[in-house]
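For reference, the structure discussed in these notes is given below.
The values are calculated or read from the model by the stated rules, or taken from the named source; none is laboratory data. What you are looking at is a predicted structure, and each value in this text was computed from that prediction instead of being measured. We place every Cβ from the backbone using ideal geometry, glycine too, and count neighbours over all the protein chains shown. The area values use the complete protein model at the heavy-atom level, side chains included, leaving out ligands, DNA and RNA. Shrake-Rupley method; radii C 1.70, N 1.55, O 1.52, S 1.80 Å.
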Amino acid sequence: QVQLVESGGGLVQPGGSLRLSCTASGTFFSRYLMGWYRQAPGKQRELVGSITSGGYAIYENSVKGRFTISRDNAKNTVDLEMDGLKFEDTAVYYCYAAASGVYYWGQGTQVTVSS
């Protein structure tokens, strides 16, 4: 079992930055694929990006060049650095961990981009 707790959401103006953090409890953290999804009002949950245990990251096209995912296997954390935020980035952001087809989810943290 893996438990995930996110932090760092909030209100930010367009063009601003936020850093989300996710801390995982449980063992064998380094074995899990980690990442972030988001869900905007009235829309389906979409993948923001993922990072392997070795640190290889992929991103959804709309966030490439603006968002950066990193992980620290020693601290059981995965972070999402968001720069150049846009109105359309407003959503609830969820941390996830996956291994062998099993997904674990955090409770979500709200990110609101507004002027």
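Condition first: assigned to a strand (DSSP E or B), open to solvent by 30 Å² or more (accessible area, probe 1.4 Å), among the charged types (D, E, K, R) and touching a residue at least 24 places away in the same chain (Cβ under 8 Å). Can you find one or more residues in the range 57-78 that meet it?
Scanning the range 57-78 turns up at least one residue that is assigned to a strand (DSSP E or B), open to solvent by 30 Å² or more (accessible area, probe 1.4 Å), among the charged types (D, E, K, R) and touching a residue at least 24 places away in the same chain (Cβ under 8 Å).
Any residue at all in the range 38-49 that is open to solvent by less than 50 Å² (accessible area, probe 1.4 Å), within 17 Å of V5 (Cα to Cα), out of contact with any helix residue (DSSP H, G or I) (no Cβ under 7 Å at 6 or more places or on another chain) and in contact (Cβ under 8 Å) with a residue 24 or more places away in the chain?
Yes: one or more hits.
Working only within the range 15-32, note down all residues that are open to solvent by less than 60 Å² (accessible area, probe 1.4 Å) and either in a loop (DSSP other than H, G, I, E, B) or modelled with pLDDT under 95 (or both).
Of everything in the range 15-32, those that are open to solvent by less than 60 Å² (accessible area, probe 1.4 Å) and either in a loop (DSSP other than H, G, I, E, B) or modelled with pLDDT under 95 (or both) turn out to be G15, G16, A24, S25, G26, F29, S30, Y32.
Out of the range 85-113, which residues are in a loop (DSSP other than H, G, I, E, B), out of contact with any Phe, Trp or Tyr (no Cβ under 7 Å at 6 or more places or on another chain) and either open to solvent by less than 40 Å² (accessible area, probe 1.4 Å) or farther than 13 Å from S7 by Cα (or both)?
L85, K86, T90, S100, G101
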